[in-house]
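Participant: Questions regarding the structure given below will be posed in turn.
The values are calculated or read from the model by the stated rules, or taken from the named source; none is laboratory data. All of these numbers come straight from a predicted model, not from anything done at the bench. Positions of Cβ are generated from backbone atoms using ideal geometry, with glycine treated the same way; all protein chains shown enter the neighbour counts. The protein model used for the area step is the full one, side chains on, heavy atoms only, and it has no ligands, DNA or RNA in it. Shrake-Rupley method; radii C 1.70, N 1.55, O 1.52, S 1.80 Å.
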Amino acid sequence: KPNKPELFWSGVLPKRYPKLEWEYTGDFSFWINGKNPDFVSKKYKLVIEYNGGYFHQDDIPGQREAIFAEWGWKTFIIREIEMTNMEKLYKRLDEFCVKINYTKFHDKLVNSEK
(Lines give C-alpha, C1' and ligand atoms only; values in the text may rest on other atoms or scores of the structure.)
Protein backbone atom coordinates (compact mmCIF):
# COMPACT_ATOMS: atom_id res chain seq x y z
CA LYS A 1 0.00 0.00 0.00
CA PRO A 2 1.52 3.35 -0.98
CA ASN A 3 2.35 5.89 1.73
CA LYS A 4 1.21 9.53 1.46
CA PRO A 5 4.24 10.78 -0.50
CA GLU A 6 3.98 7.83 -2.90
CA LEU A 7 0.28 8.61 -3.41
CA PHE A 8 1.26 12.21 -4.13
CA TRP A 9 3.83 11.14 -6.75
CA SER A 10 1.38 8.59 -8.19
CA GLY A 11 -0.79 11.56 -9.13
CA VAL A 12 1.97 13.94 -10.20
CA LEU A 13 4.10 11.72 -12.46
CA PRO A 14 1.39 10.62 -14.94
CA LYS A 15 0.06 14.18 -15.20
CA ARG A 16 3.42 15.89 -15.55
CA TYR A 17 5.03 13.26 -17.82
CA PRO A 18 2.17 11.27 -19.40
CA LYS A 19 4.17 9.90 -22.33
CA LEU A 20 6.62 8.19 -19.98
CA GLU A 21 3.80 5.93 -18.73
CA TRP A 22 4.81 5.92 -15.05
CA GLU A 23 3.55 3.02 -12.93
CA TYR A 24 3.55 2.69 -9.16
CA THR A 25 5.37 -0.57 -8.45
CA GLY A 26 6.20 -0.10 -4.77
CA ASP A 27 3.51 -2.72 -4.13
CA PHE A 28 6.08 -5.43 -4.96
CA SER A 29 4.60 -5.93 -8.43
CA PHE A 30 7.91 -5.31 -10.21
CA TRP A 31 11.50 -6.19 -9.37
CA ILE A 32 14.90 -5.28 -10.81
CA ASN A 33 17.82 -7.40 -9.68
CA GLY A 34 16.13 -8.26 -6.37
CA LYS A 35 15.05 -4.67 -5.64
CA ASN A 36 11.53 -3.25 -5.76
CA PRO A 37 11.46 0.32 -7.14
CA ASP A 38 8.64 2.72 -6.28
CA PHE A 39 7.87 3.99 -9.80
CA VAL A 40 8.97 2.76 -13.22
CA SER A 41 8.60 3.72 -16.82
CA LYS A 42 9.10 0.30 -18.36
CA LYS A 43 8.97 1.72 -21.86
CA TYR A 44 12.02 3.92 -21.23
CA LYS A 45 13.71 1.95 -18.42
CA LEU A 46 13.43 4.75 -15.87
CA VAL A 47 13.08 4.40 -12.10
CA ILE A 48 11.97 6.92 -9.50
CA GLU A 49 12.53 6.07 -5.86
CA TYR A 50 11.02 7.96 -2.94
CA ASN A 51 13.27 7.78 0.10
CA GLY A 52 11.70 8.84 3.36
CA GLY A 53 14.12 9.85 6.10
CA TYR A 54 13.14 7.12 8.54
CA PHE A 55 13.36 3.98 6.41
CA HIS A 56 16.22 5.12 4.20
CA GLN A 57 18.50 6.82 6.71
CA ASP A 58 21.12 4.07 6.42
CA ASP A 59 21.08 3.81 2.63
CA ILE A 60 24.43 4.02 0.90
CA PRO A 61 24.32 6.86 -1.66
CA GLY A 62 24.40 5.57 -5.21
CA GLN A 63 23.89 1.92 -4.30
CA ARG A 64 20.37 1.48 -5.69
CA GLU A 65 21.23 3.54 -8.75
CA ALA A 66 24.17 1.22 -9.42
CA ILE A 67 22.05 -1.91 -8.95
CA PHE A 68 19.41 -0.67 -11.39
CA ALA A 69 22.06 0.59 -13.84
CA GLU A 70 23.46 -2.96 -14.12
CA TRP A 71 20.18 -3.80 -15.86
CA GLY A 72 20.08 -0.66 -18.03
CA TRP A 73 17.75 1.43 -15.85
CA LYS A 74 18.30 5.12 -15.06
CA THR A 75 17.29 6.15 -11.54
CA PHE A 76 16.09 9.35 -9.91
CA ILE A 77 15.95 9.48 -6.12
CA ILE A 78 13.50 11.79 -4.35
CA ARG A 79 14.55 12.33 -0.75
CA GLU A 80 11.90 13.36 1.75
CA ILE A 81 13.85 16.47 2.73
CA GLU A 82 13.81 17.68 -0.89
CA MET A 83 10.03 18.05 -0.78
CA THR A 84 10.51 21.22 1.29
CA ASN A 85 11.59 22.97 -1.94
CA MET A 86 9.28 21.63 -4.64
CA GLU A 87 10.38 24.17 -7.25
CA LYS A 88 13.96 22.93 -7.06
CA LEU A 89 12.85 19.29 -6.96
CA TYR A 90 10.60 19.72 -10.01
CA LYS A 91 13.49 21.33 -11.89
CA ARG A 92 15.71 18.31 -11.17
CA LEU A 93 12.89 15.92 -12.03
CA ASP A 94 12.23 17.73 -15.31
CA GLU A 95 15.90 17.40 -16.21
CA PHE A 96 15.78 13.68 -15.49
CA CYS A 97 12.52 12.98 -17.30
CA VAL A 98 12.99 15.28 -20.26
CA LYS A 99 16.57 16.35 -20.87
CA ILE A 100 18.54 13.24 -19.92
CA ASN A 101 16.21 10.93 -21.83
CA TYR A 102 15.18 13.35 -24.59
CA THR A 103 17.02 11.61 -27.43
CA LYS A 104 15.78 8.15 -26.48
CA PHE A 105 12.27 9.49 -25.82
CA HIS A 106 12.21 11.60 -29.01
CA ASP A 107 13.47 8.74 -31.19
CA LYS A 108 10.74 6.42 -29.89
CA LEU A 109 8.06 9.08 -30.46
CA VAL A 110 9.24 9.83 -33.98
CA ASN A 111 9.48 6.14 -34.87
CA SER A 112 6.03 5.39 -33.41
CA GLU A 113 4.44 8.18 -35.48
CA LYS A 114 5.75 6.75 -38.79
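Participant: Every residue in segment 52-75 that is open to solvent by less than 20 Å² (accessible area, probe 1.4 Å) and at pLDDT below 95, please. Break it down stepwise before answering.
Facilitator: Keep residues of segment 52-75 that are open to solvent by less than 20 Å² (accessible area, probe 1.4 Å), which gives 52, 68.
Within segment 52-75, just Gly52 meets the criteria.
Participant: Residues of segment 1-28 being closer than 15 Å to Glu49 by Cβ and among the small types (Gly, Ala, Ser), which ones?
Facilitator: Ser10, Gly26
Participant: Restricting attention to segment 1-10, and to residues there that are open to solvent by less than 100 Å² (accessible area, probe 1.4 Å) and in a loop (DSSP other than H, G, I, E, B), which single residue is farthest from Tyr44 (Cα to Cα)?
Facilitator: Filtering first and then ranking leaves Asn3.
Participant: Quick check on my filter: what residues within segment 30-40 are outside any loop (DSSP other than H, G, I, E, B) and at pLDDT below 95? Don't jump to the end; show me each part of the working.
Facilitator: To start, the set of residues in segment 30-40 that are outside any loop (DSSP other than H, G, I, E, B) comprises 32, 35, 39-40.
Lys35 - this is the single residue of segment 30-40 that is outside any loop (DSSP other than H, G, I, E, B) and at pLDDT below 95.
Participant: Now for a different question. Going residue by residue through segment 11-22, is there one that turns out to be of a type in the set (Gly, Ala, Ser) and either in contact with a Cys (Cβ under 6 Å, 6 or more places away or on another chain) or open to solvent by less than 20 Å² (accessible area, probe 1.4 Å) (or both)?
Facilitator: First, the residues of segment 11-22 that are of a type in the set (Gly, Ala, Ser): 11.
With either in contact with a Cys (Cβ under 6 Å, 6 or more places away or on another chain) or open to solvent by less than 20 Å² (accessible area, probe 1.4 Å) (or both) added as a condition, the list becomes none.
The answer is no; no qualifying residue exists.
Participant: Separate question: Do we have any residue at all in segment 98-113 that's over 22 Å from Val12 (Cα atoms), at pLDDT below 95, among the acidic types (Asp, Glu) and open to solvent by 80 Å² or more (accessible area, probe 1.4 Å)?
Facilitator: Checked against the condition, which is being over 22 Å from Val12 (Cα atoms), at pLDDT below 95, among the acidic types (Asp, Glu) and open to solvent by 80 Å² or more (accessible area, probe 1.4 Å), segment 98-113 yields at least one hit.
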